[in-house]
Amino acid sequence: MNIHQLSVIHEERQDRLSLKLNTQDGHEFRFWLTRRMAIRLVPALEHSIERLEAAQPGVAAADESAQKMLTELKRDAFLQTANFSTPYSSEPQTLPLGDQPMLVTDAQLNLQADGCLQITFQEKRDEGTQSCLLNLKAPLVHGMIHLVRQAMQKADWGITPATKDQIAD
């Protein structure tokens with residue numbers, strides 16, 4: 001799956017974040033992130049991107065503060081070159097998950113040997129579980145974090161995302 005664009009916006013009527021991804025081959029994946037899921041997902045993504053950046057060949061981060069600094073430098077470099085002004089194209093040829101966005105009730109993050117972050121979004125329902133597997137390279141993870149944080153601010157939920165230490169609660 002070659003991701004072409006990401007979009008994260010606060011849907012006021014639903015009071016949720018709408019996360020959309022479209023691919024270069026015309027597929028669109030739609031997800032709902034609740035307030036609770038968003039405040040737990042962001043720090044987990046941030047922790048994962050720190051580990052992902054530190055695992056790149058030729059990178060040696062001596063300690064956690066060096067890892068954070070490296071990640072911030074990479075994020076800043078990405079944000080300077082990223083194109084956030086092109087409108088999201090919502091004319092997909094196919095919707096693999098269906099017309100309605102998948103309500104993310106669980107997310108698992110795994111670092112891959114190829115330098116990607118594998119994200120598995122799941123929706124657990126009475127009828128069973130639906131899931132979607134995404135493999136994101138570091139720049140897309142930085143972009144997703146940035147867009148989710150922006151949407152959370154616009155949502156005016158009066159919160160900041162939990163720190164990675166609070167996720168275990």
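The values are calculated or read from the model by the stated rules, or taken from the named source; none is laboratory data. Here the structure is a predicted model, which is why all the values come from computation and not from measurement. Neighbour counts are summed over all protein chains in view; Cβ atoms, including those assigned to glycine, are modelled from backbone coordinates with ideal geometry. Each accessible area value is taken on the protein alone, full model and side chains, heavy atoms only, with ligands, DNA and RNA left out. Shrake-Rupley method; radii C 1.70, N 1.55, O 1.52, S 1.80 Å.
Overview of values
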quantity: Members of the stretch 5-56 found to be more than 14 Å from Met144 (Cβ to Cβ) and in a strand (DSSP E or B), listed by number; calculated: His10, Glu11, Arg16, Thr23, His27, Glu28, Arg30, Trp32
quantity: Sole exception among (1) at pLDDT 90 or above; (2) under 23 Å from Asp15 (Cα atoms); (3) exposed (fewer than 15 other Cβ atoms within 10 Å of the Cβ) for Thr160, by number; calculated: (1)
quantity: Count of the stretch 111-133 residues which are within 14 Å of Trp32 (Cα to Cα) and touching a residue at least 40 places away in the same chain (Cβ under 8 Å); calculated: 2
quantity: Filter result (open to solvent by 20 Å² or more (accessible area, probe 1.4 Å), under 20 Å from Gln93 (Cα atoms) and either without any contact (Cβ under 8 Å) to a residue 24 or more places away in the chain or over 13 Å from the mean Cα position of the chain (by Cα) (or both)) within the stretch 9-58; calculated: Gln24, Asp25, His27
quantity: Failed condition for Ala138, given (1) in contact (Cβ under 8 Å) with a residue 24 or more places away in the chain; (2) loosely packed, with under 14 Cβ neighbours inside 10 Å; (3) under 17 Å from the mean Cα position of the chain (by Cα); calculated: (2)
